[in-house]
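Have a look at the structure below before the remarks.
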Amino acid sequence: MIDGILMTMKAIIDNFSSAIIVPIIIFFIALIFRVPPKKAFLSMMNAAVALMGFTLLIGAFTPIISPMIMSMSETMSGITGVALSTFDVGWQATAVVAFATNAGMIYLGLGILLQTVLFLVKWTNIFQPSDLWNNYSYIVWGAMVIYATDNFLLGIACMVLLNLYSLLISELIAKRWSAYYGYPHCTIIAMHNVEPAVFAVLIDPVLNLFRLDKVNLNPKAIEKKIGVFGEPMVIGLFIGMLIGIIGSIGHLDSLKTWGQIFYVAVATCTIMALFPKVAGVFAQAFAPITDAAKKIMGDGKGRDWYIAVNDAVGYGESATLTSGLLLIPIMVFIATILPGNIVLPVVDLLAIPYMVQGLVSVYKGNMAKIIVAGAIWFSLGLLMCSQTASLFTQVAVSAGFAIPAGAALITSFNILGKPMLGLVFLAFLSQNPFYIGISVAIYAVAYAAFRFKRGAIEDYMEKMANRNTAVAEE
């Protein structure tokens with residue numbers, strides 16, 4: 001019976017996308033908040049249209065820019081003469097590997113049950129089951145623990161602790177993310193994309209010492225200074241051309257090459273132009289819920305809850321996409337000179353606009369900070385990928401994944417490049433009760449501190465965010 005339930009849940013994940021499940025969840029949440037059925041239905045439809053719009057935009061953009069990114073990685077590797085033996089197969093392939101494992105099947109049910117209970121008992125204010133697809137982020141780490149130690153319970157425990165960490169981090173940035181991206185009562189939850197926010201908060205005072213909070217670098221400030229050349233569409237055009245030119249070095253004497261470069265440039269500026277419009281439709285889905293919640297919780301003592309949404313909803317925001325795309329050539333270059341790194345980032349380079357969203361929300365769109373902090377943290381992520389590549393490759397092969405020709409090992413720059421939570425995984429991998437105990441204790445202390453000092457912590461983050469003179473309007 002349990003196997004049948006798990007198979008059904010896996011079939012739902014395989015066949016129903018977030019554009020179907022999330023709107024249904026929003027519909028029922030609206031009804032719970034006493035939104036009239038007609039308005040609740042319209043909220044559901046706005047969410048469905050917007051999420052499908054995000055999917056179509058990113059789906060169309062990816063195959064256009066991916067060949068240039070792959071060519072850029074190969075070109076940079078050729079220039080430096082560094083042969084990197086580990087190939088980045090991307091988060092999509094990693095998700096396939098994770099859900100193909102026995103651990104993946106188990107955590108499909110256990111994860112949703114755990115996340116629902118934690119929300120209902122108010123352990124967290126994040127309703128995570130609405131983004132159940134991203135559970136693979138915990139599953140892949142737990143599957144590696146199980147494969148290496150042959151201890152199933154240890155692997156499940158690793159997944160649960162990682163889930164708890166990501167819920168805590170998500171709640172830490174929920175208010176900032178929701179305000180910056182303009183989606184009321186929404187936040188991101190994917191562990192692989194919220195983790196950098198912790199680093200963002202910790203290193204912010206250091207970046208301020210270098211006066212990066214005074215660097216007026218974001219799309220709105222640029223547009224104000226240089227007029228039409230600073231508009232998001234035009235910025236997208238220039239960034240697309242930059243990536244196209246770097247990815248085509250050695251073939252710039254060809255008219256066909258320049259046609260491809262301009263095609264990438266126009267595609268990039270199209271994303272920059274259309275994404276905010278789709279985002280506006282998604283925000284409309286939450287307007288009735290927000291209004292109803294204000295009436296019910298008008299005394300200010302109500303619960304400050306957030307629904308987990310897929311990070312695709314923030315991908316095309318101007319500062320997010322701009323800083324994410326600028327980090328692509330930076331990370332390719334760093335990968336070829338970083339001591340100890342064996343990973344050639346390729347497929348997940350296009351995922352960097354997902355990966356920077358925690359940084360963007362904490363820094364309120366200050367791209368100078370986003371790029372500096374991102375380059376540092378993602379470089380450490382390359383080292384974690386290098387550390388775990390061999391074990392991940394073994395798990396992938398055991399799950400039936402075919403290794404790309406010419407690659408000795410595989411990894412995912414986005415999913416496995418987690419310097420902090422990767423240490424939690426290494427603690428469980430060691431099977432050492434002392435190290436595991438430390439990882440649990442750190443979570444317990446951090447959770448208690450946030451619970452007792454939440455208001456002060458959120459006020460501090462808001463104060464630090466407002467120090468940036470290059471701010472996006474909220």
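No value in this document is a laboratory result; all are computed from the given coordinates. Worth saying up front: this structure is predicted, and the values here are computed from it rather than measured. When we count neighbours, we look across all protein chains shown, and the Cβ atoms used for this are built from the backbone with ideal geometry, even at glycine.
Provide the convex hull volume over Cα atoms per residue for the chain, in Å³. Intermediate values should be presented prior to the final figure.
On the way: hull volume 72.7 nm³, N = 474.
Cα-based convex hull of the chain, divided per residue, equals 153 Å³.
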Shape of region 21-160, Cα gyration tensor, a/c cut at 1.5: oblate
Sequence of Trp377, Trp91 once ranked by neighbouring C-beta atoms within 10 Å, starting from the fewest: Trp377, Trp91
Fewest-first ranking of Tyr107, Tyr315, using other Cβ atoms within 10 Å as the exposure measure: Tyr315, Tyr107
Semi-axes of the equivalent ellipsoid for region 403-474, Cα gyration tensor, largest first, Å: 34, 25, 7
Pairs beyond 25 Å (Cα-Cα), from Lys38/Lys122; Lys220/Lys369; Lys277/Lys453; Lys214/Lys453; Lys214/Lys277: Lys38/Lys122; Lys277/Lys453; Lys214/Lys453; Lys214/Lys277
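Sort Tyr435, Tyr363, Tyr138, Tyr180 by Cβ crowding within 10 Å, fewest neighbours at the top. It would help to have the intermediate numbers written out before the result.
Numbers: Tyr435 16, Tyr363 34, Tyr138 28, Tyr180 25.
Listed from fewest to most nearby Cβ atoms, that is Tyr435, Tyr180, Tyr138, Tyr363.
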Solution diffusion estimate, µm²/s, Stokes-Einstein, region 326-462, Kirkwood Rh from C-alpha pairs, 25 °C, viscosity 0.890 mPa s: 144
Assigned charges on the beta-carbon of Lys, Arg, Asp, Glu; the chain dipole about Cα centre (debye): 1160
Cα gyration tensor, region 124-213 - rounded (a/c under 1.5), prolate or oblate: oblate
